[in-house]
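Asks: Sharing a structure, written as structure tokens. Questions coming.
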Amino acid sequence: MALPSMESAKGDTSPIQSGPIQSGHPSRSGMVAIPAGDFLYGSSGEKQFLHDFEIDVHPVTNAQYLEAAEIHGLRVPRALREPAIVRAKANHPVVGITYDEALEFCECYHCGLPTDEEWEKAARGTAGLLYPWGTEFRAECCNTRGNGLFDTTPVDKYIFAASPYGVVDLCGNAWEWTSSIDGRGLCSVRGGSWFDPPAMARADRRSTARRNYRCSSIGFRRVRRPGTAVHKEKMPAEPVSLIVNLTKNAAAVAQRDVLELFEVSSEARAAIASISQFEPGIAAGFDAKSVAAALAGALAEATPDELLPVKMRAIETSIAQGEIPAARRQIEALSREAHGRRDIEVFVDRAAEMLSVADVRIPSMNDGTGDRRFWVWLALAATMAFLNVALYWVRTSGRF
């Protein structure tokens, strides 16, 4: 089954007509109409009414997302910067993007993310089915952990397991962002994924995630409601415009990825060390060197201004951990980059004060080689004295 191209949506700027809608027939934009009416919502089967809307037949794919990214300068997920992955998974659901990035994509087509209720009606129909295809779980109808694939699959792989409205791939393969946010600020995600057990693939189940969370098991699909246009004006596809967009995209990617990787690298190393104690095989491919390599790759993409907060945080961490020589070198390097910038100069002065206090508080960490040598010789002398006393006690006690 061929995927509907987003290109078809770009030329269609007419609003959805209000009134009765013929359901089950994909439109030119690759969406299917869900008519207004009551449906059974949630595990309790509560009756609710929804107005008509349209929803994507399939989740948004890697190919569709990259098409919009080139035109509108959207952030490209890290995995999709590898041409081999793009070629192999063009028809897989796009994953590794946050709630806001998914919403930004939808807005390029004057669409939005479905609400919990809209997603569930599209998946369960009006009768409150437990799964899009019926009332019993069938492993051959969706991609969950039980299938043993441990990766996403093409979005049209399970077209025979569509919902009563003809919506495909709603359960399994990838969770899908919705626009519903609870009182804690967490976003509802629906459908389960390739990583989750079959129990999470039920159409009445939900989970939550932070809106800035990104992982390889969350994707999304668009929804369009009556009275909204389909797509905003397309930017000129001239080479210069494309280069500018891609440059802006690269800068945004570098800034976000660097800060995120910096924040999680220490936690990742700690987690890897903990896992290694119990499951060496699991941690073999995720050692500290791998984490460092990933961080170095992100740092290489960043500009000096984008790296500034990272460098400042690294200096504060070095001082807090008592790494005085390293902190001193970092401060000196940062001061050489100031070039009259007041914000950097102020931070350097403050860091130098923190360093002087820490240096006095932790004399054993002073980077003077004489001090280090003194403490080493003192430790050796104490050890030798203890051994001599122990040897004398053994000789005089008559036990050996």
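Just so it is clear, none of the values below were taken in a lab; they were calculated from the coordinates. Because the structure is a prediction, the values reported are computed rather than measured. Because the Cβ atoms are built from the backbone with ideal geometry, glycine has one as well, and the counts that use them run over all protein chains shown.
Asks: Dipole size in debye (nearest 20) for region 7-224 around its Cα centre, Lys and Arg Cβ +1, Asp and Glu Cβ -1?
Replies: The calculation lands at about 480 debye.
Asks: Right, next: Give me, ordered by chain and number, the residues 5 or more places off Thr61 or on other chains with an amide H under 5 Å from its own placed amide H.
Replies: Placed amide hydrogens put Val94 under 5 Å from Thr61.
Asks: Can you tell me how region 7-224 classifies by the Cα gyration tensor, rounded, prolate or oblate, using a/c under 1.5 as the rounded cut?
Replies: Rounded, since a/c falls under 1.5.
Asks: Sort Cys111, Cys171 so the one with the fewest other Cβ atoms within 10 Å of its own Cβ comes first.
Replies: The most exposed by this proxy come first: Cys111, Cys171.
Asks: Dipole size in debye (nearest 20) for region 79-130 around its Cα centre, Lys and Arg Cβ +1, Asp and Glu Cβ -1?
Replies: Here the size comes out at about 400 debye.
Asks: Oh, and also: In what sequence do Lys121, Lys311, Lys47 fall when counting other Cβ within 10 Å, fewest first?
Replies: Lys47, Lys311, Lys121
Asks: Separate question: Pick out, in residue order, every one of the trypsin sites (Lys or Arg not before Pro) in region 134-218 that is DSSP loop and has at most 13 other C-beta atoms within 10 Å; say none if there are none.
Replies: Listed in order of number, the matching sites are Arg138, Arg184, Arg210.
Asks: Subtracting the Cα-Cα distance from 0.36 nm times the residue separation, let me have the gained length for Gln48 to Arg184 in nm, one decimal.
Replies: 46.5 nm
Asks: I'd like the Karplus ³J(HN,Hα) series for region 152-165: coefficients 6.51, -1.76, 1.60, θ = phi - 60°, whole numbers in Hz, and an x wherever there's a Gly or Pro.
Replies: Taking θ as phi minus 60°, the curve returns 5, 10, x, 5, 9, 5, 10, 5, 6, 10, 5, 6, x, 9 Hz for region 152-165.
Asks: Where the eigenvalues come from the Cα gyration tensor of region 122-211, what are the semi-axes √(5λ) of the equivalent ellipsoid, largest first, in whole Å?
Replies: 21, 16, 11
Asks: So what's the net charge close to His58: Lys and Arg +1, Asp and Glu -1, counting the other residues with Cβ under 12 Å from its Cβ?
Replies: -1
Asks: Let me ask something else. Quick one: order Glu337, Glu323 by neighbouring beta-carbon count within 10 Å, fewest to most.
Replies: Glu337, Glu323
Asks: Between Arg211 and Thr135, what is the label-point separation in nm under the 7 Å Cα-to-beta-carbon projection?
Replies: 4.0
Asks: Label region 88-132 by shape, choosing from rounded, prolate and oblate, from the square roots a ≥ b ≥ c of the eigenvalues of the Cα gyration tensor; if a/c is under 1.5 it is rounded, and otherwise prolate applies when a/b is larger than b/c, oblate when it is not.
Replies: Taking the square roots of the gyration eigenvalues as a ≥ b ≥ c, region 88-132 is oblate.
Asks: Out of the GluC sites (Glu not before Pro) in region 127-209, which ones are loop residues according to DSSP with at most 12 other C-beta atoms within 10 Å?
Replies: Qualifying residues, ordered by number: Glu136.
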